[in-house]
Each structure stands twice: as structure tokens, then as C-alpha cells.
Amino acid sequence: MKERILLVEDDRELGEDVTQRLQRAGYAPTWIRDGDEALSVEIEDYALVLLDLGLPGAYGLDVLKRYRTKSEVPVILVTARDQTADKVRGLALGADDYITKPFWPEELLARVKARLRRPSMKREDETRFVVGALVVDVEGARVTVSGQSIELTRAELAILAVLARRCGRAVTRADLVDEALDGARGGSDRTLDVHVSRLRKKLGDEGKRIATVWGIGYRLESEP
């Protein structure tokens, strides 16, 4: 069965071009041109979403927030060059990637294929996450790699827990400081970097999963 892709884009010429290219690549695209209509979509029916931010009706980030209350379906934002703040906010809200207009159609297809190839993290419940050989048991305050317990500080465990809950998505530095280090009590970007560096070393080869997203923050990769 062809993988279904939802395209939310109000530009007629771009929407027609992307739809045709997705069809030729073997996907089954559905094209929506209005943010209000996008809010009512049964998002669980799709394998991936291409979401423009500047839509008539509901704004793209509001659509993204609605989707994230329903599903972890991968979302790639389609943004204008001057929407840097919205890119960061979109990633913080749960977008998986973004592409900036104007873009080469080949680049868009490459991003779609890469995102669909990426295996999903195995979430056994809301407090235990399995990513490759890495197991993060938030409730039990325990982390293992290939079955071996890893001793982490409270801050290191908190950072890893935040990243695990949003596995595959970029988490901003501000969110990590606020959620894991309690920014109100002296947490800072500098202390965050120190904790992440130590965390990577303690996790060994699995530490390579913690990727730096330049200008934004960090991401726990579901792929090796």
C-alpha cells in the first residue's frame, strides 16, 4: 500500500508541483489549502505531513499543536526564509524537520524519504523509552545500555528524559534548561552543554545519538 502524505499548502503552483512529484515517487498525497480544514483532518491516517506555516485560516503552528495532541506522525514544516523564530518554535512544538522556500523539489523528496525511513522510537509507556540499545526508565530513575546500568546525575537523567520524550525531534536549549535544569534556579546554556558532554561520554556509543542541532539545541536520534 502506498504511504499517505498530507500536504497543507495554500500556494496553488507549489501545491500542484509537490503533489505530482510525490505521486511520481510512489506516495499517495492529499492536498489541503486551508488551515481551518487542516485542523479537522484525521491525522492518524497519514504517514507524514508537509505543513506550510503561512496559511489562510488557522496558522500553521496552531495546526501543528493540534496534530501533536493526537499523534506522533512526522511533520516537516515548509517555511519562508524570514520565519526563523517560527522554525525554532515549530521544532519546540514537535515538528521533526523544516525546509525553507524556495527549495529544490529533489531536496524535499529526499527529506520525505529520509524521515519515512527513520524507525520510530519504541515507547513502552509514558515513562519508559527504548531507543536502540538505550533504555530510559524515567519513573525508576534508571538508564541502561545493552542491559548495563549507567550511573547518571539527576541533571543528566532529566536532560535525557526530556530528549527521550521527544525522540527524533529537536529540543531547544531554552526548553532543556527550563525543563531539566530549572532555569529559575540558575540553570544556563553553559551548564547544559557541560551536562550533555558528560552524558554522551557515559552512554558510550549510544551517546552519539544525542545530536547537536546548531542554533536550536539537541535531538535524541532514533537512528544509530
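The antiparallel fraction among DSSP beta bridges confined to the chain stands at about 55%.
Each of L220, Y67, L93 was placed along the dipole of the chain (beta-carbon charges, centred on the mean Cα), and the one lying farthest toward the positive end is L220. When the alpha-carbon atoms of the chain are used, the pair Rg, Dmax equals 18.4, 55 angstrom. Straight-distance candidates among the aspartates and glutamates for linking to K70, with alpha-carbon spacing under 14 Å and chain neighbours fewer than 8 residues away dropped: E42, E44, D45, D62. In the chain, the DSSP-assigned H stretches of four residues or longer account for a calculated mean residue ellipticity at 222 nm of -11500 deg cm²/dmol, using -39500 (n - 2.57) per stretch and the full residue count as denominator. Can you give me the angle between helix 12-24 and the longest principal axis of the chain, using Cα atoms only, in degrees from 0 to 90, rounded to the nearest 10? Helix 12-24 sits roughly 70 degrees off the main axis of the chain. For the chain, the longest principal axis of the Cα atoms and the long axis of helix 84-93 meet at an angle of about 70 degrees. Convex hull of alpha carbon positions in segment 1-123: directionally averaged projected area 7.2 nm². Judged by the gyration tensor of its Cα atoms, with axes a ≥ b ≥ c, segment 138-224 is oblate; a/c meets the 1.5 cut and b/c is at least as large as a/b. Working from Cα positions, state the angle (0 to 90°, nearest 10) between the long axis of helix 60-70 and the longest principal axis of the chain. Helix 60-70 sits at roughly 60 degrees to that axis.
Take the Cβ atoms of E3 and R200, set R0 to 45 Å, and the FRET efficiency comes out at 0.85.
Label positions at W214 and W31, each projected 7 Å from the Cα along the C-beta direction, are separated by 3.4 nm.
Beyond a 24 Å Cα-Cα separation, which of these cross-linked pairs lie in this structure: K65/K101; K65/K202; K65/K208; K65/K87? Walk me through the intermediate numbers first.
Values: K65/K101 22 Å; K65/K202 34 Å; K65/K208 29 Å; K65/K87 14 Å.
Pairs exceeding 24 Å: K65/K202; K65/K208.
FYI, it's all coordinate maths here, none of it is from the lab. All values derive from a computational prediction rather than experimental measurement. In this analysis, Cβ positions are derived from the backbone assuming ideal geometry, glycine residues included, and neighbour counts consider all displayed protein chains.
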